[in-house]
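Take a look at the structure below.
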Amino acid sequence: MKSSFYHLAWMALLALLIGCSSDEGAIQQQEEHRGPPVVYAVNYPLAYFAGRIAGDSVEVVLPVPVDIDPATWVPDAKAIAELQRADLVLLNGAGYEGWLQRVTLSRSRLVDTSAAFADRLIPVENDVTHSHGPTGDHSHAGTAFTTWLDCEFAIEHARAVFGALLRLHPENESEYRARLAGLEKDLQVLDLELEAVAARIGGQPLLFSHPVYQYFERRYSLNGRSLHWEPGEMPEEAQWRELSGMLSTHPAAWMIWEGTPHPEAVSRLEGLGIRSVVFQPAGNRPESGDYLSVMQDSLRALQQAFPASG
Ligand SMILES: [Zn+2]
C-alpha cells in the first residue's frame with residue numbers, strides 16, 4: 001500500500017515536471033491534431049459556409065445548443081476549453097460575441113469574418129432590454145449583428161471564411177476556391193430573388209417581430225419597424241399597446257417573424273388587418289435542411305405573401 005502511494009506521488013511529480021517542458025506540450029498538440037483541423041463557428045451561417053468550402057478537410061463545430069440563439073450564447077467552462085483548443089475560431093463580428101472579452105483565446109486563431117465591411121455595420125440606438133426566455137434579459141444596443149441577411153455581406157463572410165480555411169490547408173486552394181465560387185453563386189441567386197420580391201413589397205410599411213432585420217431592411221430597401229416579440233409567445237397587453245402606437249404612424253399590413261408565431265398572436269394580428277409571414281434568420285442550425293434551404297423557404301414565403309401581379 002505504502003509503496004504504491006509513493007509510486008503514485010512520484011508519478012504525479014514526474015507528470016508535473018514533464019508538463020512544464022515545452023516539448024511535451026508540442027507532442028500533446030500533435031497528438032490532439034491527428035484528425036482534421038477543428039474549426040469553431042459562432043453561428044450557423046459561418047458553420048455552413050465553412051462546411052461548404054472545406055468539405056471533410058476540417059471538422060466544423062457549432063458549439064451552441066440548438067435551442068439557444070447563438071447571439072445570446074455564452075460559453076461555459078467546457079466550451080471555453082474547447083474554443084481554446086480549436087485550430088480556428090470563426091467570429092461573426094459586429095459585436096456578436098459579447099463573451100469574447102472575458103475569454104482568453106489565441107488571437108492568431110480568431111478570424112473576424114465581418115472585418116471587410118466593418119465600415120458598413122449598422123449602429124443600434126435606443127434599444128430596450130427584453131427577455132429571451134431561458135437566456136434571460138438582453139438588449140440589442142450596440143451594433144446590429146444579423147449581417148448575413150444582406151446577401152452581399154453573406155458573401156463577404158464566406159470569403160473571410162475561405163481565407164481563414166486556406167491558412168489551415170493551403171494545398172487545397174483550387175478546391176476551396178471552386179467551392180467558394182459555388183457558394184457565392186447560390187447566395188447571388190438568393191440576393192437577386194430577394195431583390196425581386198422586395199421590389200414588389202416596395203415602400204409599404206412592414207413590421208418585424210424582432211430587431212434583427214436591419215441589414216435585410218437596408219439591402220432590400222424595406223420600410224420596416226421592429227417590435228420585441230418572441231414567436232413562441234402570446235405578447236402581453238403592453239406589447240399590443242406598443243403595436244397600436246406604432247400602427248398610427250406606420251400602418252403595416254404584414255409582420256415578418258423570426259419563427260412560427262403563436263396562433264393566438266396570429267389571429268389577434270389578423271383582427272388588426274395584419275398578416276404574418278416567417279423569415280428565419282437561421283442563426284442556429286435548422287431542424288431540417290440547411291442554410292440555403294431555410295433561406296429559400298423564407299424567400300418562398302415572401303413570394304407567396306407578395307405575389308407578382310399577373
Ligand atoms: Zn432580442
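The values are calculated or read from the model by the stated rules, or taken from the named source; none is laboratory data. Computed from a prediction, not measured in an experiment: that's the story for all the values here. Methodologically, a virtual Cβ is constructed for each residue, glycine included, from the backbone with ideal geometry; neighbour enumeration extends over all protein chains shown. These accessible areas exclude ligands, DNA and RNA; they are computed on the full protein's heavy atoms, side chains included. Shrake-Rupley method; radii C 1.70, N 1.55, O 1.52, S 1.80 Å.
Here are the numbers:
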| item | result |
| --- | --- |
| Tyr40 being of a type in the set (Ser, Thr, Tyr), more than 16 Å from the ligand (Cβ to nearest atom) and open to solvent by less than 20 Å² (accessible area, probe 1.4 Å) | yes |
| Condition check for Arg218: over 17 Å from the mean Cα position of the chain (by Cα), more than 24 Å from Val111 (Cβ to Cβ) and either within 16 Å of the ligand (Cβ to nearest atom) or of a type in the set (Lys, Arg) (or both) | yes |
| Residue satisfying condition, being of a type in the set (Asp, Glu) and open to solvent by less than 50 Å² (accessible area, probe 1.4 Å), within set Asp112, Asp87 | Asp87 |
| Answer from Val128, Val124 - the residue that is open to solvent by 20 Å² or more (accessible area, probe 1.4 Å), modelled with pLDDT under 90 and either assigned by TED's automatic domain parsing to the domain that holds Arg225 or aliphatic (A, V, I, L, M) (or both) | Val128 |
| Qualifying positions in the range 260-310 - at pLDDT 95 or above, of a type outside the set (D, E, K, R) and over 25 Å from Thr146 (Cα atoms) | Pro263, Ser267, Leu269, Gly271, Leu272, Gly273, Pro307 |
| Counted residues, the range 177-198 - those being touching a Cys at 6+ places or on another chain (Cβ under 8 Å) and either at pLDDT below 95 or open to solvent by 30 Å² or more (accessible area, probe 1.4 Å) (or both) | 1 |
| Filter result (closer than 16 Å to Pro211 by Cβ and among the polar types (S, T, N, Q)) within the range 240-289 | Gln280 |
| Number of positions in the range 155-176 that are among the hydroxyl-bearing types (Ser, Thr, Tyr) and open to solvent by 30 Å² or more (accessible area, probe 1.4 Å) | 1 |
| Within the range 228-282, tally of residues that are within 16 Å of the ligand (Cβ to nearest atom) and over 27 Å from the mean Cα position of the chain (by Cα) | 2 |
| Any hit, the range 173-190, residues being within 16 Å of the ligand (Cβ to nearest atom) and in the same structural domain as Ala50 (by TED's automatic domain parsing) | no |
| Candidates Leu269, Leu299, Leu206, filtered to the one that is assigned to a helix (DSSP H, G or I) and in contact with a Leu (Cβ under 7 Å, 6 or more places away or on another chain) | Leu299 |
| Residue among Arg285, Arg225, Arg218 that is among the charged types (D, E, K, R), open to solvent by 10 Å² or more (accessible area, probe 1.4 Å), touching a helix residue (DSSP H, G or I) at 6+ places or on another chain (Cβ under 7 Å) and outside any loop (DSSP other than H, G, I, E, B) | Arg225 |
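Per-residue answers, yes or no, for (1) hydrophobic (A, V, I, L, M, F, W, C); (2) more than 20 Å from Ala71 (Cβ to Cβ); (3) open to solvent by less than 30 Å² (accessible area, probe 1.4 Å):
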site	(1), (2), (3)
Trp229	yes, no, yes
Gly232	no, no, no
Pro235	no, yes, yes
Thr249	no, yes, no
Ala252	yes, yes, yes
Met255	yes, yes, yes
Glu264	no, yes, no
